[in-house]
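Engineer: Handing you a structure now.
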Amino acid sequence: MSDSARRSRLNRGRDLSNRAWKLRSTTISSSTADPAESDETGRLVRKQLNEAVMLCRKAGADRELVTALRRLGHAEQDADRNDIAVARYEEAVVAARRTGDPLLLAHAIRHLGDAHRSTGRLAGAEACYDEALGLYAEHSDPPALDYANALRPTAIVREELGKTDDARHLWQRAKALYAAVPIAAGVAECDENLARLG
């Protein structure tokens, strides 16, 4: 494939991914959306994201492929197609590993953990979260919000698994990071959980 053909596919894939993600965001934020219309929009979003995935894959653009697959995973979860969502997130993790970017990988793994958690696969979720947290911890300057967003679900899973002391410690760490960003809602959620855990 020529460089111009590769660039063309990549640009089309990136554009489709961005348009689909914007459409999904608009639909989710609309409180007046008709359920049938929302379902149709969801199908269109998934169709566009599947095409974006194919274009990014053909262009050999792993970084963009990770984003398109992660977005497709979200769209599949929106439609309660959770097993398909897990498969898309798993593909995103494989592509992220190829990039050699530990932060991109940590983000992709955290989303895979979220998908496992939403389907009740707590052991799978915990393994994903542990790997993501390890990648953030090894980085010299991890993004505070992404790191906090990985600590938060890890705390939830640890508590669900009966590891209350671990959960408390993770909520404290997440709170410090949310405060540094600052994200008031994140801090408030951490405070609520810390108060509940005592």
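Engineer: With just the Cα atoms defining each centre, how far is the stretch 22-96 from the stretch 169-187? Give it in Å.
Structural biologist: The distance from the Cα centre of the stretch 22-96 to that of the stretch 169-187 comes to 29 Å.
Engineer: Let me see the P(r) profile for the stretch 101-198: every Cα-Cα distance counted, bins of 10 Å, each bin given as a percent of all pairs.
Structural biologist: P(r) for the stretch 101-198, in whole percents per bin: 18, 49, 31, 2.
Engineer: Which ordering of Arg168, Arg71, Arg7 is given by a fewest-first count of other beta-carbon atoms within 10 Å?
Structural biologist: Numbers: Arg168 18, Arg71 24, Arg7 13.
Least crowded to most crowded, the residues run Arg7, Arg168, Arg71.
Engineer: To make sure I understand the rule: partners must be lysines, Cα under 18 Å from the Cα of Lys58, and not fewer than 8 residues away in the same chain. Which ones qualify?
Structural biologist: Output for Lys58: Lys47.
Engineer: Can you give me the pair-distance distribution of the stretch 1-80, C-alpha pairs, 5 Å bins, whole percents?
Structural biologist: It works out to 3, 18, 26, 21, 13, 9, 6, 3, 1, 0, in whole percents.
Engineer: Whole-Hz Karplus ³J(HN,Hα) for the stretch 181-196, in order, using 6.51 cos²θ - 1.76 cosθ + 1.60 and θ = phi - 60°, x for Gly and Pro?
Structural biologist: In residue order, the calculated couplings are 5, x, 10, 4, 5, x, 4, 4, 4, 4, 4, 4, 6, 5, 5, 5 Hz.
Engineer: Take the Cα coordinates of the chain, assign each an equal point scatterer, and use the Debye formula without solvent to give log10 I(q)/I(0) at q = 0.12, 0.14 Å⁻¹.
Structural biologist: -0.67, -0.88
Engineer: A further question follows. Report, to the nearest 10°, how far helix 144-160 tilts away from the longest principal axis of the Cα atoms in the chain, using its own Cα long axis and a range of 0 to 90°.
Structural biologist: Once rounded, the angle reads 60 degrees.
Engineer: For Met1, Met54, what ranking results if the residue with the fewest other Cβ atoms within 10 Å of its Cβ goes first? Intermediate results must be reported in sequence, preceding the final value.
Structural biologist: Details: Met1 11, Met54 15.
The fewest-first ordering by Cβ neighbours comes to Met1, Met54.
Engineer: How large is ³J(HN,Hα), in whole Hz, for each residue of the stretch 54-66 in order, when computed from phi with the Karplus curve 6.51 cos²θ - 1.76 cosθ + 1.60 and θ = phi - 60°, using x for Gly and Pro?
Structural biologist: For the stretch 54-66, the Karplus-derived couplings read 4, 5, 5, 5, 5, 7, x, 9, 4, 4, 5, 4, 4 Hz, x marking Gly and Pro.
Engineer: Another question, then. Leaving out same-chain residues fewer than 8 places away, which aspartates and glutamates sit with a Cα under 16 Å from that of Lys163?
Structural biologist: Cross-link targets: Glu126, Asp130.
Engineer: While we're looking at this one, here's another question. Counting Lys and Arg as +1 and Asp and Glu as -1, each charge on the Cβ, what is the dipole of the stretch 5-128 about the Cα centre in debye, to the nearest 20? Intermediate results must be reported in sequence, preceding the final value.
Structural biologist: On the way: 23 positive and 17 negative charges, 150 e Å.
Using Cβ point charges on Lys, Arg, Asp and Glu, the stretch 5-128 gives about 720 debye.
The numbers here are math on the coordinates, done by the rules we state, and not lab data. Given the structure is predicted, the values throughout are model-derived calculations rather than measurements. Because the Cβ atoms are built from the backbone with ideal geometry, glycine has one as well, and the counts that use them run over all protein chains shown.
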